[in-house]
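Contents: one structure, followed by commentary.
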Amino acid sequence: MNTDTFEPVIIGFTCNWCSYRAADLAGTARVKYPPNVRLIRMMCSGRLDPTFVLKAIAGGADGILITGCHPGECHYLEQNYKALRRFQLLRRTLAQMGIRPERLKLVWASAAEGVKLAEEITCFIEEIRALGPLDWPALTGERIPVASGFISAEEGGR
Amino acid sequence: MSASAKPKFAMYWAASCGGCEIAVLNTHEKILDVDANFEVVFWPVAMDAKYKDVEAMPDRSILLTLFNGGIRTTENAELAHLMRQKSQILVAFGSCACEGCIPGLANLSNKQALFDTVYNSPSTTNSQETRPQPETAVPEGTLKIPYFYPVLKTLDQVVDVDYYIPGCPPESHQISAVIDLVIQVVQGKALLPAKGATIGAGESTVCDECPRQRNIKAIKKFTRIQELKVVDPALCLLEQGIPCNGPATRSGCGALCPQAGAQCIGCYGPAAGVIDYGARLMTAFASVIDSTDPQEIDAILDGLVDPAGQFYRFNLASSLLRASRSAWKSQ
Ligand code: SF4
Ligand code: SF4
């Protein structure tokens, strides 16, 4: 992909009680942030299954944003800490897969922090733009080509 | 029954260690049932046969093929297609065929690094840095060897698969049960399971079969089992901070390893319903860490010295990412 025209695709997993509302607030207040991020609402950042992150990467995302309530403010008491631990563990595993840990970002944002969330999103998009495309190979439905002639070329073959 | 009237059986190995074949032979006298009920037409480890003999067989003339091993080379892929074409029932047999297994761990490295390790290790004399080439010109003509794919694939990433028998290797009693089932099907006494089913294993997790006692998991430190002087023989290993893969691994072995004092390393693959085995384990491990402080969490995670190896030891090739970025990019 030509990096001049590279527009990062960011998947953002947002918590219903805080950051999703923050994004909503940014919208009503007409605070602008680039359209590169696709926000997915979850009931809680603790719902973030690492499977979602891997699926997003395998599906072509260049960066993943996880947002949740500030520490101590989780609607379900402690689930944002689970998100934190999964995030830290995921970053380590992704690094071994050759994926820069910076492509995964965690942001705490309360429902009142529309401006802060918009800034964080804008800043993350620029960080990912600087890293360039991740371009994970498209995997679905592909079958590998078989080159050949080993059946006929085997020892003792025709 | 005359020999030719018996249904035909084949077993093939691609990128594998040979343990699956031993596991089949390890069914003891059950192997005689195979011989009594099937005509073995192709099984390189047990009998002499040429690929061209298989090629000459009519399509779908083999009733059952157990295919073990991952798809590492063009030869493996070609045989996968051939066995698919000649077989009515193609079974991905064992972890390598189902999910890549240990050969699939090579997907962490690129092809160059793999070849450097194999052909220029300290114990190898190869001063000219010779590397295998798919084609080499010699005075007599061109020599060909199979091409080595940069990324190892599972059987079902290459051809359509009817059933999966997991395990590294599959447990002998599970193989015996599958042999019994197929014989009953042949005799019209049982029906085949739905296509795509995992057979010869359970649906639940190793934890479900594990007799170790579980209380509340609150982990302050992960330690590899070999670094511990004392391991409680009755308490859940994960609770003791030993990374045990039981929570994500399919039941079927009877929790052999935790019963023998070792952690489950995941050889039966993902439990039913798990999309990405490693993701399920990351969820499980992150949930039981007893800390809310980022620095402390990092220190605890330092105890997991090789997360990708821990979470994908058997499963990398069939994980959502399948291979590292550099493996995907290598030629
Ligand atoms: S984590 Fe391991 S030791 Fe604990 S119950 Fe599960 S299989 Fe048994
Ligand atoms: S306990 Fe785990 S590693 Fe051991 S045989 Fe069972 S599935 Fe395999």
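The values are calculated or read from the model by the stated rules, or taken from the named source; none is laboratory data. As the structure is a computational prediction, the values presented were derived from the model and not from experiment. No Cβ is skipped: glycine too gets one built from the backbone with ideal geometry, and neighbour counts run over all protein chains shown. Note: areas computed on protein heavy atoms with side chains; ligands, DNA, RNA excluded. Shrake-Rupley method; radii C 1.70, N 1.55, O 1.52, S 1.80 Å.
The single condition among (1) at pLDDT 95 or above; (2) surrounded by fewer than 18 Cβ atoms within 10 Å (Cβ to Cβ); (3) among the hydrophobic types (A, V, I, L, M, F, W, C) that B:Ala271 does not meet is (2).
Scanning the stretch B:198-242 for residues that are exposed (fewer than 13 other Cβ atoms within 10 Å of the Cβ), under 29 Å from the mean Cα position of the chain (by Cα) and away from ligand 1 (no atom under 14 Å from the Cβ) returns B:Glu203, B:Gln226, B:Glu227. Which residue is least open to solvent (accessible area, probe 1.4 Å), if the candidates are limited to the stretch B:52-76 and must be closer than 11 Å to B:Lys86 by Cβ and within 14 Å of chain A (Cβ to nearest Cβ)? The residue in question is B:Val54.
Are any residues in the stretch B:275-299 more than 7 Å from every other protein chain (Cβ to nearest Cβ) and either surrounded by 15 or more Cβ atoms within 10 Å (Cβ to Cβ) or not in a helix (DSSP H, G or I) (or both), and if so, which ones?
So in the stretch B:275-299, the residues more than 7 Å from every other protein chain (Cβ to nearest Cβ) come out as B:277, B:280-281, B:284, B:288, B:290-291, B:293, B:295-296, B:299.
Passing the criteria: B:Tyr277, B:Arg280, B:Leu281, B:Ala284, B:Val288, B:Asp290, B:Ser291, B:Asp293.
Of all residues in the stretch A:12-54, those satisfying the criterion of being under 24 Å from A:Arg100 (Cα atoms), free of Cβ contacts under 8 Å to residues at least 60 places away in the same chain and open to solvent by 30 Å² or more (accessible area, probe 1.4 Å) are A:Pro35, A:Arg38, A:Leu39, A:Ile40, A:Arg47, A:Asp49, A:Phe52. Going through the stretch A:52-76 one residue at a time, which ones are more than 8 Å from the chain's Cα centre (by Cα), assigned to a strand (DSSP E or B) and either within 11 Å of chain B (Cβ to nearest Cβ) or small (Gly, Ala, Ser) (or both)? Within the stretch A:52-76, A:Gly68, A:Cys74 meet the criteria. State yes or no: is B:Ala201 closer than 25 Å to B:Leu66 by Cβ and in contact (Cβ under 8 Å) with a residue 60 or more places away in the chain? Yes.
Can you tell me which residues in the stretch B:215-250 are assigned to a loop (DSSP other than H, G, I, E, B), within 16 Å of ligand 2 (Cβ to nearest atom) and farther than 23 Å from B:Ala299 by Cα?
Of all residues in the stretch B:215-250, those assigned to a loop (DSSP other than H, G, I, E, B) come to B:215-218, B:220-224, B:228-234, B:236-237, B:241-245.
After this cut, where a residue has to be within 16 Å of ligand 2 (Cβ to nearest atom) as well, the list is B:224, B:231, B:233, B:236-237, B:242-245.
Of everything in the stretch B:215-250, just one residue is assigned to a loop (DSSP other than H, G, I, E, B), within 16 Å of ligand 2 (Cβ to nearest atom) and farther than 23 Å from B:Ala299 by Cα, namely B:Pro233.
Taken over the stretch B:300-331, residues that are small (Gly, Ala, Ser), open to solvent by 10 Å² or more (accessible area, probe 1.4 Å) and within 7 Å of chain A (Cβ to nearest Cβ) amount to 1.
Look at the stretch A:119-134 and say how many of its residues are within 14 Å of chain B (Cβ to nearest Cβ) and either assigned to a helix (DSSP H, G or I) or over 11 Å from A:Gly63 (Cα atoms) (or both). Explain how you work it out, then say what you get.
Initial filter on the stretch A:119-134 (within 14 Å of chain B (Cβ to nearest Cβ)): A:131-134.
Going one step further and asking which of them are either assigned to a helix (DSSP H, G or I) or over 11 Å from A:Gly63 (Cα atoms) (or both), we end up with A:131.
The number of residues fulfilling the criteria is 1.
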